[in-house]
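Written below as structure tokens is the structure these notes are about.
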């Protein structure tokens, strides 16, 4: 009978790699299993890194084309998609050194490649080998969901897993889905020169974000030339004369390429979770408790296959919780109060904590203060004034924030710290922020919360009285 390893990790994305790195360096007997031929998961190979690299190239093209607004006469700005994708791959390879299997083997981790499936609650099979473990971590991530549209599976289409293989820019690109992935790539390809149409079945884009800020972003995208069609029902998709035709009621739209970005689905079907006695609903998302234990207490799970947030930084955070519970045996529960997320369009849209809608639904008595980037000097200097900050405040503390604007993904973290540590808003208002910076918006918004009381009739009366009383 083969020995039982201390820890068997299924999935070589961020969640699995963080756990394997710590466990291996602490001297545990660890096996890491990844079904793809490389480590790093979606984020490195087909997700966060390639998309943000593409977005950066697209922004450069956009800046060149609009340089006259800054008093600079520039010609060109045409993109060579082949060169753009070559840069994308170069960045991936530069980062890949951190996810090299040999690095983890150096930590004492047994890295194996292949599809893992449970035989029982303490055994998985990989490439015909049975691997036993005392504890397991499932971190298998997610994949693009394919909507049940008639004809979709009969035509060629891209997802985030394949779009970065393009070498030639399509003249006309259709995008199904107005979530973060769909909008980020739609704007990027539009800026690179494609004619882009986005189809969204819902009534608005980015339904988990602030409605007003989402609408502001929608207007920016449309002004740039991205055709976003809301409440769009695609009845059928077909291929005609080498092109793809989308039929919507009486209308039809012909495009050269199609990108499907209609959500994600957990990668759990191949795991044979039922053999391990793990409860998993039809959605494929694994059920876990607050310590990230499945219905089998020695089997943990994290990342996209668990939710509730499909972010790389969430997988990393959850891995930390598992390390505490499964390795150090120090009970720790997840805390999702201050999870930031960002849609990397231009301007960026960021959120942390409660939205106004969620706070109201929770019955919280709160106030919202708003401050626009148009009143931030650095934003004016940069020519990036679209957007605003909303702070949701209860009992003098921030419980959530919604932010649309330049570098929102960087600016949100000061607020995330305030939410997480329950820092009084007055401390943010009194904190010295360097000038001129975009971060001034947080200080200015915090200050505006106290302005009504500061300049109230009572305060004015007190100031007059004290100045008359004292020499």
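Laboratory data are not the source of any read-out in this text; all were calculated from the coordinates shown. Bear in mind that the values here come from a model prediction, so they are computed numbers and not experimental data. Please note: Cβ atoms are built from the backbone with ideal geometry, for glycine as well, and neighbour counts cover all protein chains shown.
Tabulated results
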quantity	calculated
Taking the chain and dividing mean pair separation by its residue count, relative contact order in percent (alpha carbons under 8 Å, at least six apart)	13
Kirkwood hydrodynamic radius of the range 85-169, from inverse mean 1/r over distinct Cα pairs, in Å	17.1
Pair residue 460, residue 422: separation of 7 Å Cα→Cβ label points (nm)	3.7
Alpha-carbon centroids, the range 157-177 and the range 222-240: separation in whole Å	14
The chain, helix-only ellipticity at 222 nm - DSSP H runs n ≥ 4, -39,500 (n - 2.57), divided by all residues, nearest 500	-10000 deg cm²/dmol
Rounded to whole Å, sorted largest first: equivalent-ellipsoid semi-axes of the range 152-262, Cα gyration tensor	22, 16, 12
Highest-first arrangement of 254-260, 290-296, 365-371, 458-464, where packing means the average Cβ count within 10 Å	254-260, 290-296, 365-371, 458-464
Relative contact order (%) - criterion: Cα under 8 Å, at least six apart; region: the range 152-262	36
Neighbour-count order for 330, 216, fewest beta carbons within 10 angstrom listed first	330, 216
Binned Cα-Cα distance frequencies in the chain - 20 Å width, integer %	21, 49, 26, 4, 0
Peptides ranked, highest mean first, by Cβ atoms within 10 Å: ranges 176-183, 188-195, 152-159	176-183, 188-195, 152-159
Pairwise centroid distance, computed over Cα atoms, of the range 373-425 with the range 298-322, Å	26
All-pairs alpha carbon distance profile, the range 276-432, 5 Å steps from 0, percent	2, 9, 14, 16, 16, 14, 11, 8, 5, 3, 1, 0
Fewest-first ranking of 51, 150, using other Cβ atoms within 10 Å as the exposure measure	150, 51
Net length gained if the chain between residue 208 and residue 365 were fully extended (0.36 nm per residue, minus Cα distance)	54.4 nm
Enclosed volume per residue, in Å³, of the convex hull spanned by Cα atoms of the range 340-457	104
Pairwise FRET efficiency - residue 265 versus residue 235, Cβ, R0 = 25 Å, nearest 0.05	0.65
Inter-probe distance in nm under a simple model that places probes 7 Å from Cα toward Cβ, at residue 25 and residue 102	2.0
Pairwise FRET efficiency - residue 336 versus residue 195, Cβ, R0 = 45 Å, nearest 0.05	0.70
Spin-label model distance (nm) - residue 134 vs residue 430, 7 Å beyond Cα toward Cβ	5.1
Alpha carbon centroid spacing (whole Å) that separates the range 1-45 from the range 248-283	25
Antiparallel %, DSSP beta bridges [both residues in the chain], to 5	60
Chain lengthening between residue 65 and residue 125 when straightened (0.36 nm per residue, less Cα-Cα)	16.1 nm
Burial ranking of peptide ranges 316-325, 335-344 (average Cβ count within 10 Å, highest at the top)	316-325, 335-344
